Each structure stands twice: as structure tokens, then as C-alpha cells.
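Asks: I'd like to ask some things about the structure below.
Every number in this text was worked out from the coordinates using simple rules, so none of it is lab data. What you are looking at is a predicted structure, and each value in this text was computed from that prediction instead of being measured. Every residue, glycine as well, gets a Cβ built from its backbone with ideal geometry; the counts of neighbours run over all protein chains shown.
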Amino acid sequence: MKIRHIFRTTASALALAFVVYSCRSNLAEAQKLDLGKTPLQTVDDMFFVRTENGKLKMRVESPRMEVFEHDTVSYDLFPEGIRIFGYSEDGKLETTIFADAARHDKPASGSRRAGEVWSAFGDVVVRNIVQQETMETDTLYWDSEAKEIWTDCYVKMSSPSGYMQGYGMRSDEMARNAILMRPFDNEFLIQNDTTAVLVDSVNFIGPRVKKW
């Protein structure tokens, strides 16, 4: 009887020690995690639509979405690219935005901060299909509350009327009235051996950014 009691006591102690050790090991691993960089949720093959008064206004597609939550702000990351499709009032596809990566910032629960801001990065291509206009840049912002898109970076713009390039762009969210803030408006000479070539920098756009 005493031997059995001692054996049971020893087995229980070993089991308790194993549980404590396992918990401590898991806790040590958890402490290594940077929760600020760990998504609360991930969604593969993400797809959602936004409507107004029963009409389709926007469609968003992405191979992967990562959801992050903090005290004052929450945001979604799209590390594998994003495609945004904007529709006109009569339901026709009017504007597309394709980018290598994107981020969607939104107010956290209980935060006084209002409004949402989308940021697109990498090879960003904006097309207004109706006006046959294309803009290419490496960073683009969209304020859904102000209903405008903008960038302060280098921009190339093309349309049936010609080409332009410069720094900074402002437009409504459907890219209907894009304005180049600082266009290149000078001419310069390219000297190659004994051949001088006059280049109009307003219409010189250089190599094109790759497209999806």
C-alpha cells in the first residue's frame, strides 16, 4: 500500500512538472512574438464589394489580406497585391487601380479618429477606362471620406491627347480630373557621340512601369 501510494504521488508530481514545463515553454515562445507585427486574422483570396443605394460602387480583390488591431487604429495589409474596380453611377466599370501591395487604415473601435485611408505601393497603375487615361506611380493614397486620390511621388500620365510626367497628382476618386502638380516643362539635350538629340521632357516618359 505504501509503495503504491508513493508511486502514485511520484507520477502525479511528474505529470504536474511536465504541464508546468510545457506551459513555461509555450509562454517563452509566445513572448518571442511581436504582437504588433502579428495579424489578428488572415484571409486568402479576399473579395468584397461596396454598394450605395443598392448600386455597385467598388469591387476589391486580393490574394491575401492580413488584419491588424491596435488601441487607436486598425488596418488591413495586402502584401501580395490588390485590384480595385470602381463603377460609375449607371453601374459601368469606369476606374481600375492595380498595385503590388496596399494598406487600408481605419479607426479602431472607440477611437475618435474618423475616415479611412487606402495606400497603394509598388507598381501602381490607375486607369480611367471611359476617358482612356492611365497614370503610373509607385505610391498612391485614397481618402474615401474626401473622395479623392493623390500622390507626391513621380507620376507618368498618358491619354489620347499625349503624355506627361512630373511630381505630385490630385484627382477625384474615379480619376476623372487628374491634375499633375509639378510637370516637367523644360527641354534638354542628350549628347551621344557627335549626335545631339533635342528632347521635350513634357512628352518624354522614359521606360514604362510593368503592368499586371
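Asks: Please compute, for the alpha-carbon atoms of the range 115-178, the extent along each of the three principal axes and give them in descending order in Å.
Replies: Principal-axis extents of the Cα atoms in the range 115-178, largest first: 36, 23, 16 Å.
Asks: Oh, and also: Residues with amide H under 5 Å of residue 46's amide H, sequence separation 5 or more or different chain, H placed in the peptide plane at 1.01 Å from N; which?
Replies: Here 62, 64, 65 satisfy the definition.
Asks: Beyond 25 Å between alpha-carbons counts as too far, so tell me which of 37/147; 55/156; 37/156; 37/106 fall in that bin.
Replies: Working: 37/147 30 Å; 55/156 32 Å; 37/156 34 Å; 37/106 17 Å.
Cα-Cα > 25 Å for 37/147; 55/156; 37/156; rest within.
Asks: For the range 74-90, what does the Karplus curve 6.51 cos²θ - 1.76 cosθ + 1.60, with θ = phi - 60°, yield as ³J(HN,Hα) per residue in whole Hz, taken in order and with x for Gly and Pro?
Replies: 10, 8, 10, 10, 10, x, 10, x, 8, 10, 10, 10, x, 10, 6, 4, 8
Asks: So what J values fall out for the range 45-50 if you push phi through Karplus, 6.51 cos²θ - 1.76 cosθ + 1.60 with θ = phi - 60°, rounded to Hz, Gly and Pro as x?
Replies: 6, 5, 8, 8, 10, 10
Asks: Sorted by mean Cβ packing within 10 Å, highest first, what order do the peptides 54-62, 130-138 take? Show your work: numbers first, answer last.
Replies: Values: 54-62: 15.7, 130-138: 18.2.
Those peptides, ordered most packed to least, come out 130-138, 54-62.
Asks: Convex hull over the Cα atoms of the range 42-138, averaged projected area in nm²? Walk me through the numbers before you get to the answer.
Replies: Values: hull surface 28.4 nm².
Average projection, Cα convex hull of the range 42-138: 7.1 nm².
Asks: OK, next. Which cross-chain or sequence-distant (5 or more) residues have an amide H under 5 Å from the amide H of residue 173, H modelled 1.01 Å from N in plane?
Replies: It is 148, 149, by chain and number.
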